[in-house]
1. Quick one: which residue in 105, 161, 183 is among the hydroxyl-bearing types (Ser, Thr, Tyr), within 22 Å of residue 209 (Cβ to Cβ) and surrounded by 13 or more Cβ atoms within 10 Å (Cβ to Cβ)?
2. Take the residues in region 187-202 that are touching a residue at least 12 places away in the same chain (Cβ under 8 Å) and part of a helix (DSSP H, G or I), then tell me which one is surrounded by the fewest Cβ atoms within 10 Å (Cβ to Cβ).
3. Condition test on residue 131, is it farther than 26 Å from residue 214 by Cβ and in contact with a Pro (Cβ under 7 Å, 6 or more places away or on another chain)?
4. If I filter region 210-217 for residues that are of a type outside the set (Ser, Thr, Tyr), out of contact with any Pro (no Cβ under 7 Å at 6 or more places or on another chain), over 29 Å from residue 96 (Cα atoms) and surrounded by fewer than 15 Cβ atoms within 10 Å (Cβ to Cβ), do I get at least one hit?
5. Check region 166-178 and report whether any residue there is at pLDDT 95 or above and among the hydroxyl-bearing types (Ser, Thr, Tyr).
6. Which one of these does residue 116 not meet: (1) within 19 Å of residue 71 (Cβ to Cβ); (2) small (Gly, Ala, Ser); (3) without any contact (Cβ under 8 Å) to a residue 40 or more places away in the chain?
7. Would it be correct to say that residue 45 is among the acidic types (Asp, Glu), surrounded by 14 or more Cβ atoms within 10 Å (Cβ to Cβ) and at pLDDT 85 or above?
8. Answer yes or no: is there a residue in region 98-114 that is part of a helix (DSSP H, G or I), assigned by TED's automatic domain parsing to the domain that holds residue 213, hydrophobic (A, V, I, L, M, F, W, C) and touching a strand residue (DSSP E or B) at 6+ places or on another chain (Cβ under 8 Å).
Amino acid sequence: MPCCSTGCSDKLFANGVTLVATSNVVPDELYKDGLNRQLFLPFIDLLKQQVTVVALPAARDYRRLKFAGQHVYAFGTGPEAKAAMDQLWLRITGGVAGEPGIVESIGREIPVPLTAMGAARFGFSDLCEKPLGSCDFVRIAHHFDSIIIDGVPQMDRTKSSAAKRFILLIDNLYDRGVKLGASFAVPLEQLGKDDKTAFEFQRTVSRLDEMQSEEYLGKALRGVEPASGV
């Protein structure tokens with residue numbers, strides 16, 4: 001707990017314990033926006049006094065290697081597609097089944113059906129058939145490094161609103177470098193069948209195609225500070 005971190009660490013350092021740790025953020029960003037963070041601040045000060053912070057920048061985020069050699073997309077509406085996503089989910093979460101969660105966005109809560117180990121799993125309707133917008137998708141993209149979407153349908157004129165949200169969602173995931181797994185009812189080139197969104201959907205299909213490439217899957221998230229060793 002944050003309230004006892006300083007006391008415990010004082011004793012460790014006083015007894016000459018050598019601490020080696022890794023973190024995705026620098027000490028000043030630890031437990032950012034956390035509950036009662038003021039109780040944690042003395043620990044950050046102590047950490048900065050007692051340890052040397054070394055930046056370890058890398059163009060490749062090796063945590064993403066959990067996607068290596070994986071088929072991240074499945075096609076069809078039968079049990080095989082769900083089974084493929086189940087298998088991918090367990091792969092990227094290290095076997096953790098996950099539990100429901102929330103993402104806070106502009107003063108409201110977006111339900112997440114499953115979340116574990118920095119990954120989230122949604123149904124298409126959870127994201128694209130609810131009153132969500134670009135700001136919400138930005139929050140989701142910054143909250144998770146990997147996302148699985150089940151049951152992406154073909155989007156014709158009856159799904160114009162859903163298609164627009166899907167376009168916004170993919171744009172935000174792509175811009176952030178979030179890794180995507182998804183099951184689609186039809187091949188990518190057949191997804192967009194609505195003339196109102198046909199032009200925008202060309203870019204979406206192009207991005208979806210790139211997002212399953214080894215090059216994309218091997219890259220680190222964009223807009224993230226290099227991992228630091230403490």
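The values are calculated or read from the model by the stated rules, or taken from the named source; none is laboratory data. These figures come from a predicted structure and were not determined experimentally. Cβ sites come from the backbone with ideal geometry, for glycine too, and all protein chains shown count toward neighbours.
1. Unique residue meeting the criteria: 183.
2. Of region 187-202, the ones touching a residue at least 12 places away in the same chain (Cβ under 8 Å) are 187-197, 200-201.
Then drop every residue that is not part of a helix (DSSP H, G or I), which leaves 188-190, 200-201.
Values: 188: 18, 189: 11, 190: 13, 200: 16, 201: 24.
Among residues in region 187-202 that are touching a residue at least 12 places away in the same chain (Cβ under 8 Å) and part of a helix (DSSP H, G or I), the one surrounded by the fewest Cβ atoms within 10 Å (Cβ to Cβ) is 189.
3. Details: farther than 26 Å from residue 214 by Cβ: yes; in contact with a Pro (Cβ under 7 Å, 6 or more places away or on another chain): no.
Taking the combined requirement at face value, the residue does not satisfy it.
4. Looking for residues that are of a type outside the set (Ser, Thr, Tyr), out of contact with any Pro (no Cβ under 7 Å at 6 or more places or on another chain), over 29 Å from residue 96 (Cα atoms) and surrounded by fewer than 15 Cβ atoms within 10 Å (Cβ to Cβ), one finds none in region 210-217, hence no.
5. For region 166-178, residues at pLDDT 95 or above and among the hydroxyl-bearing types (Ser, Thr, Tyr): present.
6. (1)
7. So residue 45 does not fit the description; no.
8. No, every residue in region 98-114 fails to be part of a helix (DSSP H, G or I), assigned by TED's automatic domain parsing to the domain that holds residue 213, hydrophobic (A, V, I, L, M, F, W, C) and touching a strand residue (DSSP E or B) at 6+ places or on another chain (Cβ under 8 Å).
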